[in-house]
Amino acid sequence: MTQDGAAVTGLAIAAASLVAVKVTGNPIYDPIGSIVVGNLLGMVAIFLIQRNRHALIGRAMDDQDMRKVLHFLKNDSAVDALYDCKSEVIGPGSFRFKAEIDFNGQVVVQNYLKRTGREEWAKQFREAAKRGDDSAMLNVMSNYGEEVVTALGSEVDRLEKEIQELVPGIQHVDIEAHNPIDQSL
């Protein structure tokens, strides 16, 4: 509506300047009309930018929803600490949430062993230790390490899904494992 009003006003100014040129025979009214129309359009643009700036600059999601998500994460047993938590509105009722999480490694491993069975891994470690073969032990440890990394990915997926269920407007959740040792990463 504002743009339409400015366009009609600009058209009237341009027409008036052309009529003034025709009536007086002085061409100075044409550039004056152009300058006035340009200034009018510039002021309308500045007004609209100020009025709609919140939509142009990334806003965070509602404080209540953010507190709900942070409370959920802080109370999850797999989470030791939260860092760099941010949210952004990406559309009407749609949000993006990002957090770096220091995971509780013991809980991640316990959850993994509950799902897969502790006894099988204990058996593999005992057999490798009995053989006294470093390569066999390294192989079991490598396999276990790979499974633990996969388990961490499963924890991330679980948290992302539960966050989206908690606040349905969150369309994208980005959870990264925080590295407390090397701050340069």
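The values are calculated or read from the model by the stated rules, or taken from the named source; none is laboratory data. Remember, it's a predicted structure, so these values are computed and weren't measured experimentally. FYI the Cβ positions are ideal-geometry reconstructions off the backbone, even for glycines, and counts take in every protein chain you see.
Listed by first and then second residue, the pairs with beta-carbon distance under 8 Å, at least 6 apart or on different chains, first residue in region 92-112 and buried (at least 17 other Cβ atoms within 10 Å of the Cβ), second basic (Lys, Arg), are 97/86; 99/86. If you go through region 134-153 and pick out every residue that is charged (D, E, K, R) and either surrounded by 12 or more Cβ atoms within 10 Å (Cβ to Cβ) or not assigned by TED's automatic domain parsing to the domain that holds residue 78 (or both), you end up with 1.
From the list 84, 63, 102, the one residue that fits, being of a type in the set (D, E, K, R), under 22 Å from the mean Cα position of the chain (by Cα) and modelled with pLDDT under 90, is 63.
Quick grid of which residues meet (1) of a type outside the set (Val, Ile, Thr); (2) within 20 Å of residue 109 (Cα to Cα):
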residue	(1), (2)
123	yes, yes
132	yes, no
137	yes, yes
143	yes, yes
150	no, yes
155	yes, yes
159	yes, yes
165	yes, no
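Do we have residue 176 as surrounded by 14 or more Cβ atoms within 10 Å (Cβ to Cβ) and either in contact (Cβ under 8 Å) with a residue 40 or more places away in the chain or part of a strand (DSSP E or B) (or both) here? In short, no. Of the residues 56, 40, 48, which single one is modelled with pLDDT of 85 or more and among the aliphatic types (A, V, I, L, M)? Of the residues listed, the single one that is modelled with pLDDT of 85 or more and among the aliphatic types (A, V, I, L, M) is 40. Put simply, of 165, 160 the only residue that is within 17 Å of residue 75 (Cβ to Cβ) and free of Cβ contacts under 8 Å to residues at least 12 places away in the same chain is 165.
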